[in-house]
Amino acid sequence: MKSSTTIVTAYFDIGRGEWTANKGFREKLSRSVDVYLSYFERLAALENDMVVFTSPDLEARVAEIRKGKPTKIVTVDIKNKFKHIRSRIEKIQQDEAFTRKLETRQLKNPEYWSPDYVLVCNLKAYFVNKAINSGLVKTPLVAWIDFGYCRKPKVTRGLKVWDFPFNQNKIHLFTIKKGLSVSSLQQSFDFMIGNHVYIIGGAIVGSQEKWKEFYPLVTECQKVTLENNIVDDDQGIFVMCYYKRPDLFVLNYLGRGKWFDLFRCFKRTALGAKLQSLRLFLSRK
């Protein structure tokens with residue numbers, strides 16, 4: 001079966017293998033390149049068309065994992081290409097005017113101290129837009145899925161091809177908590193500073209046309225955030241996007257704390273469709 005969805009993803013080594021607890025980093029942050037590639041092997045088992053952005057040194061390893069499947073690999077030197085924005089992120093992270101707004105327990109989260117982490121998280125819409133504009137996407141729908149989304153084998157639920165009839169007139173975001181309500185720009189900043197998570201960054205789905213609306217909105221929200229001397233990963237930025245253009249989005253509830261249930265909740269089977277209808281009904285209660 002040919003899927004209606006191209007998967008776009010990316011991986012760049014930001015030194016996370018060195019983020020170990022014995023060096024003072026928060027528990028469970030450390031993940032080596034090999035660990036990420038092992039996660040990717042599970043996502044890569046899907047036979048969907050796939051576009052992967054990565055560094056030149058990892059191109060061959062990604063290609064080997066996807067061997068025999070429809071794949072386009074695009075190499076990028078992100079440290080050089082995005083050095084100015086990375087520098088701006090780092091400057092804010094080191095500014096006491098920003099750090100003193102944070103709760104002490106938040107200071108060990110990488111979005112508040114790692115410019116490389118924040119940069120990579122904020123490039124997702126850029127990569128999808130780049131894939132579309134480069135003619136690498138041939139399907140009606142495009143899904144961003146994190147390179148390391150499939151941390152356990154059960155995440156993909158044994159699927160060979162992932163497909164689901166998402167509404168092509170919306171960008172589909174996925175939530176792990178109900179009741180998201182944002183009434184002001186300041187409230188979206190409060191979500192960032194307090195690390196209040198509703199929308200996950202690991203998966204986004206939309207038509208090519210809607211991604212072309214989403215990308216400039218993401219860019220606008222990123223600029224506004226930096227202008228207010230704040231940095232955040234993708235989750236807070238997407239909350240601001242939802243505040244600015246709620247008409248563009250559907251918020252799809254995965255379940256409380258169910259970060260990795262995308263393929264369980266959204267798969268094209270008769271039973272899957274019935275369960276999704278029930279889930280949407282219950283999520284509105």
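The values are calculated or read from the model by the stated rules, or taken from the named source; none is laboratory data. All of these numbers come straight from a predicted model, not from anything done at the bench. Counting neighbours? That spans all protein chains shown, and the Cβs are built from the backbone with ideal geometry, glycine included. These area figures cover heavy atoms from the full protein model, side chains too; ligands, DNA and RNA do not enter into them. Shrake-Rupley method; radii C 1.70, N 1.55, O 1.52, S 1.80 Å.
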Once both label points are put 7 Å beyond Cα along the C-beta direction, the residue 2-residue 60 separation in nm becomes 3.4 nm
On the formula 1/(1 + (r/R0)^6), with r taken between the Cβ atoms of residue 104 and residue 244 and R0 of 51 Å, the FRET efficiency rounded to 0.05 is 0.95
The summed charge of the residue 45 Cβ neighbourhood (under 10 Å; Lys/Arg +1, Asp/Glu -1) stands at +2
Per the helix-only model, the chain has a calculated mean residue ellipticity at 222 nm (DSSP H runs of ≥4, -39500 (n - 2.57) each, divided over all residues, rounded to the nearest 500) of -11500 deg cm²/dmol
Here Rg/Rh (Cα, Kirkwood) for the chain equals 0.94
Counting only protein heavy atoms and leaving out ligands, DNA and RNA, the solvent-accessible surface of residue 227 at a 1.4 Å probe, in Å² to the nearest 10, equals 130 Å²
From highest to lowest solvent-accessible area (probe 1.4 Å; ligands, DNA and RNA excluded), 196, 172 read 196, 172
Here, trypsin sites (Lys or Arg not before Pro) of region 223-272 satisfying both criteria (DSSP loop; at most 11 other Cβ within 10 Å) are 256
Flagged as over-length at 28 Å C-alpha distance, from 124/178; 2/212; 23/154, the pairs are 23/154
On the accessible surface of the chain, probed at 1.4 Å with all protein chains in place, carbon and sulfur together account for a percent value of 50 percent
For region 7-84, the convex hull over Cα atoms projects on average to an area in nm² of 6.1 nm²
Note to self: Kirkwood Rh of region 73-183, Cα pairs, one decimal, Å, is 17.6 Å
Once 16, 61 are ranked on solvent-accessible area with the largest value leading and a 1.4 Å probe, the list reads 61, 16
With every protein chain kept in place and a 1.4 Å probe, region 77-143 has an accessible area per residue in Å² of 53 Å²
Here P(r) for region 75-135, Cα-Cα distances in 10 Å bins, as whole percents, is 20, 44, 24, 10, 1
Computed over all unlike Cα pairs, the Kirkwood hydrodynamic radius of region 145-241 in Å stands at 15.0 Å
Over region 175-268, with neighbouring protein chains present, the accessible area per residue in Å² at probe 1.4 Å is 39 Å²
Reported to the nearest 10 Å², residue 121 has, with a 1.4 Å probe, an accessible area equal to 20 Å²
Result row for the chain, helices from DSSP H with C-alpha axial extent 18 Å or more and mean Kyte hydropathy at least 0.5, is 270-283
Largest-first ranking of 177, 91 by accessible area, probe 1.4 Å, whole protein assembly kept, is 91, 177
The value for region 1-157 (convex hull of the alpha-carbon atoms, volume per residue, Å³) is 137 Å³
